[in-house]
Amino acid sequence: MAVAPVLKPDSTENVCFRSDEWLRAFTGGLLLREAVLDYFSLSPFYDRSCINEIAKAKNLDPSQISAPDRFEYVLQANDVPPHLFVVHKQQRTGGKSESAKLLASYYVLDGTIYPGPLLHAVVGSSMLRCMHGVRMAFEALASAHKESSSSAQDSSDMQGKEDCGAKPDSRRKKRNNPEIEEFMDRAIWYALKVTDE
C-alpha cells in the first residue's frame, strides 16, 4: 500500500481523502471508531512525525508518551459512528494530553476525510451572508422609497390643486403610507433573519 505524500498545511484546504479498498478490507465498508485513527494515518493530512507514530512504534498508548514539543492526533468523543468522526491535531502543552492547543480539525464523514474549515473562511462566509441580507434590505428600502416618492408626488400634485393654502409641513406628514411602512418593516425583518442564520 502506497504512503500518502505529506502536504504543506495551506495546500490541503480543498483536498479530501477516501480509500474504499481499505474500508472494505479492514472494516467491511463501515468505519468503526477503533479504526478511525489508523484510517486517518493513510490520508495526506497525517504527519508521520506525530506522537501517534512514536507510540505505534513502541506499542504504547499516545497518552503514555511525554513529548511536549510534538503534536498528536486525537479522536473526539462527540462523534456519530459510523457516519461522522472528528479528529483534532493538537500540540500538547506541559506534556499532558489533557492540556493541548488545537492546531487543526478534520472530519471523517461516511469514510471521506475533510479538513475542517479555517477561521478566516468561517468568518468570511458569515460576513458574506450578513452583507447579502443588508444588500437585500437596502434594495427593498430603495424600491420602497421610489414607490413612496412617486405616490407622494402624485398626491401632493392633487393636494396642491385642491388646497393651495395648506402648509408644507402638513403635506410631509401625509406622505406616510402604512403599506410602505409595513413593507419596510418586512425588509428589515428579512435582513435580521438572514444574519441570524
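None of the figures in this text is laboratory data; all of them are computed from the coordinates on show. In this text the structure is predicted, and so the values were computed from the model without any measurement. Here the Cβ positions follow ideal geometry from the backbone for every residue, glycine too, while neighbour counts run over all protein chains shown.
Could you calculate the FRET efficiency of Leu103 with Ile188 from 1/(1 + (r/R0)^6), where r is the beta carbon distance between them and R0 is 35 Å, rounded to 0.05?
Rounded to the nearest 0.05, the efficiency is 0.25.
Could you go through the range 75-83 in sequence order and give the Karplus-derived ³J(HN,Hα) for each residue, using 6.51 cos²θ - 1.76 cosθ + 1.60 with θ = phi - 60°, rounded to whole Hz, and x for Gly and Pro?
Values per residue, Gly and Pro as x: 7, 7, 7, 8, 10, 10, x, x, 8 Hz.
Among Leu102, Val87, Leu128, which residue has its Cα furthest toward the positive end of the charge dipole of the range 15-135, with +1 on Lys/Arg Cβ and -1 on Asp/Glu Cβ?
Leu128
Taking a quarter of the surface of the Cα convex hull of the range 34-81, what do you get in nm²?
Value for the range 34-81: 3.9 nm².
Per residue of the range 43-58, what does 6.51 cos²θ - 1.76 cosθ + 1.60 with θ = phi - 60° give for ³J(HN,Hα)? Whole Hz please, x for Gly and Pro, Karplus curve as stated.
Listing the rounded values in order: 7, x, 7, 7, 9, 6, 8, 7, 4, 4, 5, 4, 5, 5, 5, 9 Hz.
Under a point spin-label approximation (7 Å from Cα along Cα-to-Cβ), what is the Leu84-Arg33 distance to one decimal in nm?
1.6
What is the calculated FRET efficiency for Arg24 to Lys56, with r their C-beta to C-beta distance and R₀ = 30 Å, to the nearest 0.05?
0.85
Could you tell me the calculated FRET efficiency between Ser66 and Ala142, based on Cβ-Cβ distance and R0 = 41 angstrom, to the nearest 0.05?
Efficiency, rounded to the nearest 0.05: 0.05.
Amide H to amide H under 5 Å from Phe71: which residues, 5+ apart in sequence or cross-chain, H placed 1.01 Å off N in plane?
Counting only residues 5 or more places away or on other chains, the set is Ile51.
Can you give me the long-range amide H partners of Ala100? Hydrogens built in the peptide plane at 1.01 Å from N, cutoff under 5 Å, separation of 5 or more residues or another chain.
Here the answer is Thr93, since their amide H atoms fall under 5 Å of that of Ala100.
Sorted by mean Cβ packing within 10 Å, highest first, what order do the peptides 126-135, 45-54 take?
45-54, 126-135
Label points 7 Å out from Cα along the Cβ direction at Leu128 and Cys16: separation in nm?
Here the answer is 1.8 nm between the modelled labels.
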